[in-house]
Amino acid sequence: MATSKQYLEFVLDQLSLLEDISYRAMMGEYIVYYQGKIIGGVYDDRFLVKPTQSAKRMMPDAPYESPYAGAKEMLLVERIEDKAFLRELVSSMAAELPAPKKKK
């Protein structure tokens, strides 16, 4: 099941307190970037983020879910309605994620 465009738009609206959010379509799903860093994605109408230390600290009871068969598990964001929480979550994650690789 692919993610609906409406759910992607909902997630992007919930992240609207952050500047420099972008996304890329990938096989019916969407990779989500913050400041050029991959923070997670929208898979099967679920917003999943990388399990960084800050994400695990802010969402200690979040279930781990696989975005697709064979992928590393990610954390399901259940407080998707809380824009302030999402801003804090994504901002804290950004410091822990590697800088994007330079293209040759």
Select from the range 1-10 the residues that are part of a loop (DSSP other than H, G, I, E, B) and hydrophobic (A, V, I, L, M, F, W, C) and write down the one among them that is modelled with the lowest pLDDT. Met1
Looking at this structure, is Pro67 surrounded by 15 or more Cβ atoms within 10 Å (Cβ to Cβ), part of a loop (DSSP other than H, G, I, E, B) and either at pLDDT 95 or above or within 13 Å of the chain's Cα centre (by Cα) (or both)? yes
If a residue has to be loosely packed, with under 13 Cβ neighbours inside 10 Å and assigned to a loop (DSSP other than H, G, I, E, B) to count, how many in the range 74-84 make the cut? 1
Residues of the range 11-20 being under 14 Å from Val77 (Cβ atoms), in contact (Cβ under 8 Å) with a residue 24 or more places away in the chain and among the hydrophobic types (A, V, I, L, M, F, W, C), in sequence order, are Val11, Leu15, Leu18
So which residues in the range 11-58 are modelled with pLDDT of 95 or more, out of contact with any Phe, Trp or Tyr (no Cβ under 9 Å at 6 or more places or on another chain), crowded, with 16+ Cβ neighbours inside 10 Å and not in a strand (DSSP E or B), if there are any at all? Lys50, Thr52, Ser54, Ala55
Which count do you get for residues in the range 82-96 that are in contact (Cβ under 8 Å) with a residue 60 or more places away in the chain and under 15 Å from Asp20 (Cα atoms)? 5
Going through (1) over 13 Å from the mean Cα position of the chain (by Cα); (2) closer than 18 Å to Met74 by Cα; (3) not aliphatic (A, V, I, L, M) one by one, Ser4 fails only at (2)
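Has the range 70-81 got at least one residue that is in contact (Cβ under 8 Å) with a residue 40 or more places away in the chain and under 16 Å from Val32 (Cα atoms)? Lay out the reasoning, then the answer.
Going through the range 70-81, the residues in contact (Cβ under 8 Å) with a residue 40 or more places away in the chain turn out to be 80-81.
With the extra rule that they be under 16 Å from Val32 (Cα atoms), the set shrinks to 80.
Yes: one or more hits.
The values are calculated or read from the model by the stated rules, or taken from the named source; none is laboratory data. The structure displayed is predicted, hence computed values, not measured ones. Don't worry about glycine lacking a Cβ; one is built from the backbone with ideal geometry, like all the others, and counts go over all protein chains shown.
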